Amino acid sequence: MRLILLGPPGAGKGTQAQRLVAKYGIVQLSTGEMLRAAVAAETPVGLQAKDIMAGGGLVPDEIVIGIISDRLDQPDMKKGFILDGFPRTVPQAAALDELLKKKHIKLDAVVELRVNESALLQRVETRVAEMRARGEEVRIDDTPEVLAKRLAQYRSLTEPLIHYYSERRKLLTVDGMMTIEQVTREINRILSAIGATEAKVAAKAAARKASVSKAKPAKAVKKAAKPARKAAKAAKKAVKKPAKAARKATKGKAAARGAKAAKKVTKKRAKG
Ligand code: ADP
């Protein structure tokens with residue numbers, strides 16, 4: 001399964017991505033996480049991205065496109081992936097289209113988590129409080145001021161992707177205001193509806209079939225039941241026929257004749 005998760009900061013992309021990773025065994029590609037790792041490791045990309053990220057701006061397209069392109073070439077991508085935080089601009093989406101085309105990879109869907117903007121600040125504040133409580137380092141861009149900037153960037157640069165993917169018939173929108181559990185359930189439901197989970201289901205079915213064919217006694221019982229099933233089918237048919245005749249009998253001139261015929265058939269069957 002190959003997905004993109006789309007939504008503003010605080011929409012729940014990271015949370016849902018982790019759940020999809022656990023359920024389908026695919027890989028999460030979060031450009032935010034990758035960039036934070038680059039900043040921490042002080043790589044050339046990290047040094048370039050550090051101040052931009054701290055201020056809530058967007059890192060140049062070429063940088064993130066380069067990161068994603070390299071990552072897509074790695075062998076673990078074969079299992080499928082979720083892109084979280086990428087693409088974030090229309091040029092990034094166009095570059096991704098090109099990359100996927102070149103690498104012969106097909107995107108299954110873009111899942112948009114739609115949330116009320118008024119809820120986002122509260123969500124990010126809760127996330128910060130929870131991280132502090134766990135003793136984790138808090139992101140420097142998770143302040144109300146920087147969040148406002150990130151939201152503005154989302155609105156002007158990322159939101160156009162909703163139209164971009166909807167035009168390409170890839171967009172699936174989920175109400176991100178529901179509980180985490182409900183959102184997960186809804187995502188799973190729509191993914192199975194479009195058949196994105198087909199491969200996994202097919203693999204499961206094949207495994208089931210293999211284990212059933214090993215169980216020979218079950219097969220023998222099935223075989224023995226076959227004549228009985230055939231007989232039941234024939235009996236059902238026999239019962240249906242007089243009913244048909246009776247129905248016919250209620251119509252038009254041949255009413256009496258039809259009823260009589262039906263009766264005759266029923267009697268005959270009852271005898272035999
Ligand atoms: P959030 O979705 O909560 O804003 P992310 O972890 O996805 O957080 O991103 C954090 C920051 O990393 C962004 O504000 C931006 O500076 C940078 N970043 C992440 N992904 C991209 C991207 N695709 N293009 C440009 N900048 C990005």
Of the conditions (1) within 19 Å of the chain's Cα centre (by Cα); (2) under 20 Å from residue 16 (Cα atoms); (3) open to solvent by less than 80 Å² (accessible area, probe 1.4 Å), residue 120 clears all except one; give me its number. (1)
Can we say residue 130 is in a loop (DSSP other than H, G, I, E, B) and at pLDDT 85 or above? no
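For every residue, the table says whether it meets (1) more than 11 Å from the ligand (Cβ to nearest atom); (2) more than 22 Å from residue 80 (Cα to Cα); (3) without any contact (Cβ under 8 Å) to a residue 40 or more places away in the chain.
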residue	(1), (2), (3)
1	yes, no, no
5	no, no, no
8	no, yes, no
14	no, no, no
21	yes, no, no
24	yes, no, no
28	yes, no, no
43	yes, yes, yes
47	yes, yes, yes
Provide a single number: the residues in the stretch 60-114 that are within 15 Å of the ligand (Cβ to nearest atom) and assigned to a loop (DSSP other than H, G, I, E, B). 6
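Mind telling me which of the residues 34, 53 ends up being part of a helix (DSSP H, G or I), in contact (Cβ under 8 Å) with a residue 24 or more places away in the chain, open to solvent by less than 40 Å² (accessible area, probe 1.4 Å) and near the ligand (Cβ under 10 Å from one of its atoms)?
Details: 34 fails: open to solvent by less than 40 Å² (accessible area, probe 1.4 Å).
Being part of a helix (DSSP H, G or I), in contact (Cβ under 8 Å) with a residue 24 or more places away in the chain, open to solvent by less than 40 Å² (accessible area, probe 1.4 Å) and near the ligand (Cβ under 10 Å from one of its atoms) holds for just one of 34, 53, which is 53.
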Evaluate the following for residue 150: is it open to solvent by 60 Å² or more (accessible area, probe 1.4 Å), in a helix (DSSP H, G or I) and on the phi < 0 side of the Ramachandran plot? no
When the stretch 169-178 is examined, which residues are found to be within 17 Å of the chain's Cα centre (by Cα) and either open to solvent by 80 Å² or more (accessible area, probe 1.4 Å) or touching a residue at least 60 places away in the same chain (Cβ under 8 Å) (or both)? 169, 170, 171, 172, 173, 174, 175, 176
Of all residues in the stretch 146-171, which are more than 14 Å from residue 58 (Cβ to Cβ) and within 13 Å of the ligand (Cβ to nearest atom)? 147, 148
Give me the pairs, please: first residue somewhere in the stretch 85-99 and under 14 Å from residue 156 (Cα atoms), second residue anywhere and more than 10 Å from the ligand (Cβ to nearest atom) and open to solvent by 20 Å² or more (accessible area, probe 1.4 Å), beta-carbon distance under 7 Å, and either six or more positions apart or on two chains. 90/160; 90/164
Looking only at the stretch 179-213, filter to residues that are open to solvent by 60 Å² or more (accessible area, probe 1.4 Å) and not in a helix (DSSP H, G or I); which one of those is modelled with the lowest pLDDT? 194
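The values are calculated or read from the model by the stated rules, or taken from the named source; none is laboratory data. Computed from a prediction, not measured in an experiment: that's the story for all the values here. Neighbour counts are summed over all protein chains in view; Cβ atoms, including those assigned to glycine, are modelled from backbone coordinates with ideal geometry. The accessibility values were calculated without ligands, DNA or RNA, using every heavy atom of the protein model including side chains. Shrake-Rupley method; radii C 1.70, N 1.55, O 1.52, S 1.80 Å.
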